[in-house]
Amino acid sequence: MPSAVKALGEIALRVEDLEAMTTFYEDVVGLELMKRFDHSSFFRIAEGYGGHTQILALFDRSEETGYKGLDAERTTSDHFAFAIALEDFEREKERLEALGVSLEFSNHAWVHWRSLYFKDPEGHSVEFVCYDSSV
C-alpha cells in the first residue's frame, strides 16, 4: 500500500538560546520568521501541502519540569537539508562565507545532488542541497 505522506510538514528543534537560534535561521539561513512566541519561533520553509506550510520550529524547553539540557554530540539528528536551486548554489556559498560561516562540501553522484554543510549556533548540521545533473 502506498504511503499517504505528501510532504514534510515541519522540523522542530529543541534549543537552549532561542534568541541566537532565531537570529541565525532568519539572518544566516534566510528563512522568513512567521511567528515568535516567548519560548518558540516558527519559520516558513515552503508553501507545503494541503494548507500546512512547511516550517522549521524552534522550542526552548529549558523551563519545563524535568528538562536536562541538550547535547549536540549525542543527538539522534544527523542533519537536515534545505533544497535550493542550482543557480543559487555559488551565490549562497559566497554569501555564507562572507558571513564567516565555515562550510563543508559534498557531491552525491547517485542522486546528482550538490551539497554544502554548516553548523548552527547550537551545533546542528544544516545542508543546502541542489540537483546538479553534472554531478
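Wholly within the stretch 24-119, which strands (runs of 3 or more DSSP E) include no fewer than the required count, namely at least 1 residues that are basic (Lys, Arg), surrounded by 12 or more Cβ atoms within 10 Å (Cβ to Cβ) and assigned by TED's automatic domain parsing to the domain that holds Leu13? Spell out the reasoning first.
Numbers: elements: 32-37, 40-49, 52-60, 80-83, 104-108, 113-119.
Where strands (runs of 3 or more DSSP E) fall fully within the stretch 24-119 and carry at least 1 residues being basic (Lys, Arg), surrounded by 12 or more Cβ atoms within 10 Å (Cβ to Cβ) and assigned by TED's automatic domain parsing to the domain that holds Leu13, they are 32-37, 40-49.
Would you please list the contacts, defined by Cβ atoms under 8 Å and residues six or more apart or on different chains, that run from a residue in the stretch 89-102 that is within 11 Å of Val29 (Cα to Cα) to a residue that is part of a loop (DSSP other than H, G, I, E, B)?
Pairs found: Glu92/Ile84; Leu96/Leu103.
Which members of the stretch 120-135 meet the condition of being under 23 Å from Glu16 (Cα atoms), surrounded by 13 or more Cβ atoms within 10 Å (Cβ to Cβ) and either modelled with pLDDT under 95 or not hydrophobic (A, V, I, L, M, F, W, C) (or both)? Before the answer, list the steps.
Going through the stretch 120-135, the residues under 23 Å from Glu16 (Cα atoms) turn out to be 120-127.
If we keep only those that are surrounded by 13 or more Cβ atoms within 10 Å (Cβ to Cβ) too, we end up with 120-122, 124-127.
Across the stretch 120-135, the qualifying residues are Asp120, Pro121, Glu122, His124, Ser125, Glu127.
The values are calculated or read from the model by the stated rules, or taken from the named source; none is laboratory data. For clarity, every value in this text was computed on a predicted model and none was experimentally measured. Note that each Cβ is placed from the backbone with ideal geometry, even for glycine, and that neighbours are counted across all protein chains shown.
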